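Note sheet for the following structure.
The values are calculated or read from the model by the stated rules, or taken from the named source; none is laboratory data. Everything quoted here is computed from the prediction, not taken from an experiment. In this analysis, Cβ positions are derived from the backbone assuming ideal geometry, glycine residues included, and neighbour counts consider all displayed protein chains. Remember, those area values only see protein heavy atoms, side chains included, never the ligands or the DNA or RNA. Shrake-Rupley method; radii C 1.70, N 1.55, O 1.52, S 1.80 Å.
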Amino acid sequence: MEVKQEKIGINIQKAKLGDQVAFTFLLDFYWNEVYGYMLKRTENETDTEDIVIETFAKAFDKISTYNPEFGFNTWLIAIAKNAHIDLLRKKKSTLFLEITSEENGLANQVLDSTPTIEDKLITEQNLSQLLLQIKQLKPAYQEVIQLRYFQEMSYQDMAEQLNEPLNNIKIKLLRAKKLLAEIISKK
């Protein structure tokens, strides 16, 4: 037990210095614990995966603030809880008011939800710009974004198609999203 804690501590220190292998070790070591905890809370695998990925992304971005007086897993669980609360708030804010079928019929007579030519043009321009930004990424990152968001593949399907371990796919997608966000924000 002592040796395991020492190895974890060493990897936390290396991760604070930006060591990617240490990040991977910590992700592999703590993934199941954080995932299991969140799955019990959300009872939804998709939400759980999103929360856990976001948890590790936030943890690795803020690892310099980690206080070793507390357990690393406790720190990760706290981040996961906050990510879950954020998800619940986001879902709550997107709820719509219930309307009767009569009101719905009246609304359909007034509103035309068909996209205008301008709407279609803006959408095409935005997609075109996004594709150009994705092309600025390394090919491996382009590939995982393509598979996940354009072909809507699950992480497991991606791992099988790319013949890579599941955690590698998750890390690669996490990095790809972070790099893409940086490219978009520089725009």
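Under the 0.36 nm per residue contour assumption, what length would be gained going from the current alpha-carbon distance of residue 140 and residue 29 to full extension?
On the way: separation 111, 0.36 × 111 = 39.96 nm, distance 2.42 nm.
37.5 nm is the gain from fully extending residue 140 to residue 29.
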Any idea of residue 29's accessible area? Nearest 10 Å², probe 1.4 Å.
80
Leaving ligands and nucleic acids out of the surface, order 127, 39, 173 by accessible area at 1.4 Å, largest first.
127, 39, 173
Looking only at lysines whose Cα falls under 22 Å of residue 170's and that sit 8 or more positions away or on another chain, we get 14, 16, 40, 58, 62, 81, 135, 138, 178
Which GluC sites (Glu not before Pro) in the stretch 4-96 sit in a loop by DSSP (not H, G, I, E or B) and have at most 15 other Cβ atoms within 10 Å of their own Cβ?
43, 69
